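Contents: one structure, followed by commentary.
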Amino acid sequence: MNKQSATEYRSEVSEVMDCIRYIFKALRVSSSHFEKELGLSAAQIFVLKKVYQEPGLSINDLAARTTTHQSSVSVVVKKLEEQGLVRRTTDPQDSRRVVVSVTPQGEGKLKEIPRTIQEQMIDTLQNMTPEKSAMLASLMKEFVTGSGIVDSPVASMFDEK
């Protein structure tokens, strides 16, 4: 590697690491702001909005819509239910299926809530060309695998416990 390309390489590595830091900071700051101002985490807001946009979703449907794991969504829904913002009921068409809907209290809370950073990131990814999003997905997978980050199950976008 010549001097010029070594410098360029270090610069690209710095750019990638800076981008990762920006993402983490945006998620952390957003979540902290929402919790302080609204008493809800960014994850709870994101799920509440999805349930409002598509009433009658199951936990599995919500997991797909929020691009996270079913168990993570279940924890978030439970917290929203405890606050009276959503309710779980049996689907009238299929008694084996439980669906989630927003309560009137949840609808009132939604009027106070701006767009979340997760919504902005997903919109940006969905607006990329299929080629770019496929390339980014491939590169990110290679990065997390090579970094040893994927030794455990996929981390949730929802940092709920």
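Please treat every number below as a calculation from the coordinates, not as lab data. What you are looking at is a predicted structure, and each value in this text was computed from that prediction instead of being measured. With ideal geometry, Cβ positions are generated from the backbone for all residues, glycine too; neighbour counts draw on all protein chains shown.
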Chymotrypsin sites (Phe, Trp or Tyr not before Pro) restricted to segment 30-135 and DSSP loop, no more than 13 other C-beta within 10 Å: none
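Once you sort the root eigenvalues of the Cα gyration tensor of segment 40-111 as a ≥ b ≥ c, which label holds: rounded (a/c under 1.5), prolate (a/b larger than b/c) or oblate (the other case)?
oblate
To the nearest whole percent, what portion of all C-alpha pairs in the chain is separated by more than 18 angstrom?
Cα-Cα pairs of the chain separated by over 18 Å account for 67 percent.
How large is the helix-only mean residue ellipticity at 222 nm for the chain, computed as the sum of -39500 (n - 2.57) over DSSP H runs with n ≥ 4, divided by its residue count, in deg cm²/dmol to the nearest 500?
Mean residue ellipticity at 222 nm (helix-derived): -21000 deg cm²/dmol.
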Rounded Å value of the spacing that divides the Cα centres of segment 1-70 and segment 87-116: 23 Å
Net charge, Tyr52 excluded, C-beta distance under 12 Å - Lys, Arg +1, Asp, Glu -1: +3
